[in-house]
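Written below as structure tokens is the structure these notes are about.
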Amino acid sequence: MKQLLNRIKDKIEIEFLKQRDDLYFINVEEKHIIFLLSYLKEQEEFTHLSFLQAVDYNEYNMFQLTYMLYNYETKVNLGIKVIIDREKSEMTSIHKLWPHAWQFQRELHELYGINFPGSPRVNESFVLEGWEEIPPMRRDFDTKKYSEKTFYQRPGRYTKNPKDYMKEKLYKNFVEPPKIRRKDDE
């Protein structure tokens with residue numbers, strides 16, 4: 001793996017992290033992502049795209065995308081991480097490298113609002129038909145506010161304090177141990 005990382009470093013600037021013997025992560029600038037993914041697939045045999053996922057760093061106004069690749073020969077997982085601007089939230093599509101990538105990209109478009117121009121069916125609903133709110137996986141989406149606005153309160157529902165409920169239902173025969181008094185407490 002060290003040789004692979006050195007070959008990549010000869011081409012572009014990267015940061016890498018070894019998580020385990022079979023799991024590594026590389027941080028790369030957005031402008032190099034397509035080159036690196038193409039190189040890894042075509043030259044280094046990372047032929048399987050396991051998943052593409054996003055993390056919303058709302059407080060820093062950015063998304064982190066992670067492309068998880070797998071090499072069947074070496075049995076190594078390689079995560080490629082890239083930061084994109086949250087306001088612009090657009091990334092080049094990789095569906096020409098891995099045809100099934102359109103599904104991951106479509107999901108990220110719907111759930112996070114990240115656009116992948118040219119990706120097949122990216123603007124079609126994936127699971128949220130008729131959704132009109134901001135994408136629900138963005139950290140500024142208010143789940144409670146949405147629930148209160150969208151769903152009615154059923155009569156007879158109430159909230160219980162979990163600590164009191166546990167005492168009442170699960171530990172009703174529990175006897176508190178006596179307090180031990182120490183000389184320091186006096």
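Just so it is clear, none of the values below were taken in a lab; they were calculated from the coordinates. Predicted, not measured: the structure shown is a model, and the values here were computed from it. Neighbour counts run over all protein chains shown; Cβ positions are idealised from the backbone, glycine included.
Take the Cα of Glu133, step 7 Å along the line toward its Cβ, and report every residue of the stretch 141-180 whose backbone nitrogen sits under 16 Å from that point.
Of the residues in the stretch 141-180, 141-153 have backbone N under 16 Å from the label point off Glu133.
Projecting each Cα onto the charge dipole of the stretch 87-186 (Lys/Arg +1, Asp/Glu -1 at the beta carbon, about the Cα centre), which of Phe151, Tyr112, Pro162 comes out farthest on the positive side?
The residue sitting most towards the positive pole is Pro162.
For the chain, what does -39500 (n - 2.57) per DSSP helix run (n ≥ 4), summed and divided by total residues, give at 222 nm, in deg cm²/dmol to the nearest 500? Before the final figure, lay out each step's value.
Numbers: 5 runs with 48 residues, N = 186.
Dividing the helical sum by the residues of the chain leaves -7500 deg cm²/dmol.
Using modelled backbone amide H atoms (1.01 Å from N, in-plane), which distant-in-sequence or interchain residues come within less than 5 Å of Met62's amide H?
For Met62, whose amide H was placed from the backbone, the distant partners under 5 Å are Tyr57, Arg86.
Compute the acute angle (0 to 90°) between the alpha-carbon long axis of helix 33-42 and the principal axis of greatest extent of the alpha-carbon atoms of the chain; round to the nearest 10°.
For helix 33-42, the angle is close to 70 degrees.
Find out how many positive minus negative residues lie around Met166, taking Lys and Arg as positive, Asp and Glu as negative, among other residues whose Cβ is under 11 Å from that of Met166. Mind dumping the intermediate values first?
Details: positive: Lys160, Lys163, Lys167, Lys169, Lys172; negative: Asp164, Glu168.
Net of charged neighbours comes to +3.
In whole percent, what relative contact order does the chain give with Cα contacts below 8 Å and a gap of six or more residues?
Numbers: 235 pairs, mean separation 25.9, N = 186.
Dividing the mean separation by the residue count of the chain yields 14 percent.
Summing +1 for each Lys or Arg and -1 for each Asp or Glu, what net charge is found among the other residues whose Cβ lies under 14 Å from the Cβ of Leu36?
On the way: positive: Arg7, Lys9, Lys11, Lys31, Lys41, Lys81; negative: Asp10, Glu13, Glu15, Glu29, Glu30, Glu42, Glu44.
Every neighbour counted, the sum reads -1.
Taking the Cα atoms of the chain, report the difference between the largest and smallest coordinate on each principal axis, in whole Å and largest first.
71, 52, 30
About the Cα centre of the stretch 1-100, how large is the charge dipole given +1 on each Lys and Arg Cβ and -1 on each Asp and Glu Cβ? Please answer in debye to the nearest 20. Don't skip to the end; give the middle numbers.
On the way: 13 positive and 16 negative charges, 49 e Å.
That gives the stretch 1-100 a dipole magnitude of about 240 debye.
R0 = 30 Å: FRET efficiency of Thr47 with Thr150, Cβ-based, nearest 0.05? Don't skip to the answer; put the middle values down first.
Values: r = 43 Å, r/R0 = 1.44.
Once the sixth-power term is evaluated, E becomes 0.10.
Sorted by mean Cβ packing within 10 Å, highest first, what order do the peptides 27-34, 15-22 take? Each step should come with its number before you reach the end.
Working: 27-34: 15.5, 15-22: 11.5.
Final packing ranking: 27-34, 15-22.
For the ranges 154-166, 77-89, 137-149, what's the packing order if you count other beta-carbon atoms within 10 Å of each residue, average per peptide, and put the highest first?
Values: 154-166: 7.7, 77-89: 17.2, 137-149: 11.6.
Those peptides, ordered most packed to least, come out 77-89, 137-149, 154-166.
Dipole magnitude of the chain about its Cα centre, charges +1 at Lys/Arg Cβ and -1 at Asp/Glu Cβ only, in debye to the nearest 20? Provide the component values of the computation, followed by the final result.
Numbers: 31 positive and 31 negative charges, 191 e Å.
The dipole magnitude comes to about 920 debye.
For the chain, set up a GNM with springs between Cα atoms under 10 Å and report which of Asn173, Asn58, Asn115 has the largest fluctuation.
Asn173
May I ask you to give the average projected area over all directions of the convex hull of the Cα atoms of the stretch 87-158, in nm² rounded to one decimal?
Numbers: hull surface 25.0 nm².
So the Cα hull casts an average projection of 6.2 nm².
Net charge around Glu176, counting only other residues with Cβ within less than 14 Å of its Cβ (Lys, Arg = +1; Asp, Glu = -1)?
Values: positive: Lys163, Lys167, Lys172, Lys179; negative: none.
Local charge sum for Glu176: +4.
Quick check on my link table: of Lys144/Lys169; Lys75/Lys144; Lys96/Lys144; Lys96/Lys145; Lys11/Lys96, which ones sit more than 32 Å apart, alpha carbon to alpha carbon?
Numbers: Lys144/Lys169 27 Å; Lys75/Lys144 43 Å; Lys96/Lys144 39 Å; Lys96/Lys145 40 Å; Lys11/Lys96 22 Å.
Pairs exceeding 32 Å: Lys75/Lys144; Lys96/Lys144; Lys96/Lys145.
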